[in-house]
Every structure is written in structure tokens, then in C-alpha cells.
Amino acid sequence: MPTRNHFRKTYLVTGGAGFIGSHLCDRLIGAGHAVLCVDNYLTGSRDNIAHLLDDPHFEAMRHDVTFPLFVEVDGIFNLACPASPVHYQRDPVQTTKTSVHGAINMLGLAKRLNVPILQASTSEVYGDPEIHPQTEDYWGHVNPIGTRACYDEGKRCAETLFFDYHREHNLEIKVARIFNTYGPRMHPNDGRVVSNFIMQALRGEDITLYGDGEQTRSFCYVDDLVEGLIRLMDADASVTGPVNLGNPGEFTMRELAGAVIKATGATSQMIHAPLPADDPRQRRPDISLAQHTLDWTPTVPLVDGLQPTVGYFRGLVERGLS
Ligand code: NAD
Ligand code: UDP
């Protein structure tokens, strides 16, 4: 395990072999810290962290966060959880366990070590929102028994646990509500809209708009998101969140499909497919709180972020890896 010293911090990143987690590991190592990456490789991959494995300050550990973990670190980023609807609905009981038991185990670890802990929460805590854009004081509109509930309610319960540990044990917590994030290392077959559209375009297939394609999302490039996570972790102990992290640029799925067709140069047509249950109609973060408390604003517009993302997926296709 990476050693602790006064100059270099050692961070535990759960879910560190996943899409966002692997970029976070890159940034922490690049900043001179040591990283203990914990992952059960449910949806992540050793390929995402292969370039870090020889770094003496990086260590990868296969572990499921639903079981207790005894390690020594200076701070915890808790990202472990499948994030795409296709993945998290495959074993919904395990998804809830990962959010809830995982939070209990990681909070227990943070409490024993008396170190700050950041939770990767989600815009899904707002459900199908009745206010727009979403501010952190909105309590949400979630169906507790629907097919998305394992994820949405699991994440909501994790937030509850974080704030109860904070109130009861004075633990330093940081809760980030992450909105749709995209970029290289997304799983090509996880069913999320950005990866789906790009893979369909690169394969010359039709692009599937679920429902009428007029529902909206806001897409944050992964580098911007990771910057927000690091600023939140580094913020004063009084900054607990929850704080929205996302790009306020709002697009319909039809507009996104058009941008993907342009970025790939594909000749794909748009076709319609059934809308999944409880699919939120619109979503856009109000990021005033992050702007004021973290001095954070995303800098990468969708058209720019799509370029490296398309390049990544094109590389997978050319190497026959998807
Ligand atoms: P991802 O699926 O690529 O990464 C999740 C990682 O967690 C994977 O490496 C997976 O193997 C690991 N994992 C899952 N269950 C685990 C368990 N029980 N024990 C240990 N490891 C486990 O997803 P991502 O997009 O990188 O998301 C990372 C975090 O950010 C998640 O907590 C997700 O809920 C949150 N988030 C992501 C988005 C987004 O748009 N990507 C939006 C909101 C919130
Ligand atoms: N979506 C779509 N076509 C696809 C995949 C997704 O139209 O091939 C839509 C989906 O119905 C949703 C939006 O894109 O309205 C975002 O879906 P995703 O699964 O990426 O994220 P989430 O719904 O969790 O925001």
C-alpha cells in the first residue's frame, strides 16, 4: 500500500477503475499524491488504470465495498457504484447494497481514521424534477418502487448516512451531486446516451432516440467534473455540500444525436425506440453554489468534449475492442 507522509497525501478512490474514477486517479497521481484504487471490476476495467500500475504511488486492490475495508489513508473519494441504467438495473439489490452498505463501510473507515470523505452522489436524487433548473435545496421527485429506484434511493440513503455521520460524529463530509458526465473511458456498451450514440454512429447504425427525443440532459466533460471533485475535497471543512457539479448547457437527445453525427461524420439516421420507465423529462444543474463556494465552472463545451470522446471510441472500434 502507498505509504503516508506529510508531503504526499494518500487517497482512497473506490470505483477507481471506472470511467470517472480512473480520471480522478490520474489527476491525484499527477498532483503528486498517492492513490489506493479499490474496485471489484463490476463495470470498471483494469485497462482504465493500466497506465498507472507501474507508478510506485499507485496501488490497485480488488475489493467489494459492501464488505468492510481496513486501510490507512488521508482522504476517501467514494465513487464505487454502477452508474448507467443498464448496468445498475441488472442486479438492483446489489446496486442498493453498494450504495448503502458501501457508504456505511466507507464512512466507518473515515470515522476511524478521522479523514474527509467525498460521496459521488447524483442528479438522480432529484428524480423526474418538477423544478428547473435543479438547485440543491430541491428535495426531488423520485418513484421509490420503480426500476430506477435501486440507484436513486440507494444514493439518497447514502446522502442521509453522510449527513448523519456528520451530525452524529462530526465527520468531515463532502457530497457532490454529479450530473451526466461523458468522456474517454466510458464503457462502450453501458447503454448511456453518449456512448450509445457514438458507437451507433461509428458502426454506421441508426441512432436510437428513446421516446420523442425531446427530453433534455446537461453533459459535463470528465476533466471539468474531476476538477470540481478535487476542489470540493480541498475546500474548507465547513463545505459539506450537497453541491451540484455539472455543465448547465442543456440539450435535447435529438440535438445530441445531431452533434454526434457531425462529430463522427456519420450518415446515420435517427429512429425512435420506447422510452424507459421513469425517464426524467428534463435535467439541468443550477451550479451557483459550486461557482461561489468552489470557484468552479465547467470550461469544455459539448462540441469540444465530443472530439476526444469520439476519438477514444474510434480507437476501440479500430482495435476490435468493442
Ligand atoms: P462506472 O461504472 O464507470 O464506475 C463505477 C466503478 O465502481 C466501476 O469501476 C465498478 O467496477 C465499481 N464498483 C461497482 N460496484 C462496486 C462495489 N460493490 N465495490 C467496489 N467497486 C464497485 O461509473 P462512473 O460513470 O465512473 O460513475 C462513478 C460514480 O459517479 C458512481 O458512483 C456514479 O453513481 C456517480 N455518477 C456518475 C455520473 C455519470 O454521468 N457518469 C453521474 C452521476 C453520478
Ligand atoms: N437515451 C436515448 N437513446 C439511447 C440511450 C439513452 O434517447 O440510446 C436517452 C434516455 O432515455 C434518457 C437520456 O438519453 O432520456 C439519458 O440517458 P442515460 O442513460 O445516458 O442517462 P440518465 O437517464 O441516467 O440521465
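Side notes on the structure shown:
- Here each label is just a point 7 Å from Cα along the line to Cβ, and for residue 132 and residue 50 those points are 4.3 nm apart.
- Pairwise FRET efficiency - residue 145 versus residue 270, Cβ, R0 = 30 Å, nearest 0.05: 0.40
- Calculated translational diffusion coefficient of the stretch 127-177 (25 °C, 0.890 mPa s; Stokes-Einstein with Kirkwood radius over alpha-carbon pairs) equals 200 µm²/s.
- The angle separating the long axis of helix 19-30 from the principal Cα axis of greatest extent in the chain is about 50 degrees.
- DSSP-loop trypsin sites (Lys or Arg not before Pro) across the stretch 258-322, with at most 14 other Cβ within 10 angstrom: 281, 319
- Calculated SAXS-style log₁₀ I(q)/I(0) at q = 0.15, 0.17 Å⁻¹ - the stretch 171-217, Debye, Cα scatterers: -0.52, -0.62
- Helix-only CD estimate at 222 nm, as mean residue ellipticity for the chain, using -39500 (n - 2.57) per DSSP H run (n ≥ 4): -11500 deg cm²/dmol
- Kirkwood Rh in Å, taken over the chain so that all alpha-carbon pairs contribute: 19.9
- Residue order, fewest to most surrounding Cβ atoms within 10 angstrom, among 186, 199, 61: 61, 199, 186
- Here's the picture: a label point sits 7 Å out from the Cα of residue 252 along the beta-carbon direction, and within the stretch 285-305 nothing has its amide nitrogen under 12 Å of it.
- Converting the Cα gyration tensor eigenvalues of the stretch 216-322 into ellipsoid dimensions via √(5λ) gives semi-axes, longest first, of 30, 18, 12 Å.
- Gain on full stretching of the segment that runs from residue 316 to residue 72 - 0.36 nm per residue minus C-alpha separation: 84.2 nm
- When restricted to Cα atoms, the stretch 141-203 yields an Rg and a Dmax of 16.6, 53 Å, respectively.
- About the Cα centre, charge dipole magnitude for the stretch 83-192 (Lys/Arg +1, Asp/Glu -1 at Cβ), debye: 440
- Relative to the longest principal axis of the Cα atoms of the chain, the long axis of helix 193-202 makes an angle of roughly 50 degrees.
- Note on the stretch 47-116: Cα Rg divided by 2.2 N^0.38 Å, N the number of residues, gives 1.25.
- In the chain, the longest principal axis of the Cα atoms and the axis of helix 92-113 are about 30 degrees apart.
- Per-residue Cβ neighbour counts within 10 Å put 45, 238 in the sequence 238, 45, beginning with the fewest.
- Fewest-first ranking of 174, 9, using other Cβ atoms within 10 Å as the exposure measure: 9, 174
- 10 Å binning of all Cα-Cα separations within the stretch 149-264, expressed as whole percents from 0 upward: 12, 34, 30, 17, 7, 1
- Student exercise, the chain dipole from Lys, Arg, Asp, Glu Cβ charges, in Debye to nearest 20: 500
- Which listed pairs, of 9/111; 9/97; 9/174, have C-alpha distances above 24 Å, in listed order: 9/97
- Cβ-placed point charges (K, R +1; D, E -1), dipole of the stretch 81-148 about Cα centre in debye, nearest 20: 460
Where a number appears in this text, it was derived from the coordinates with a stated rule and is not lab data. All values reported here derive from a predicted model rather than from experimental measurement. Every residue, glycine as well, gets a Cβ built from its backbone with ideal geometry; the counts of neighbours run over all protein chains shown.
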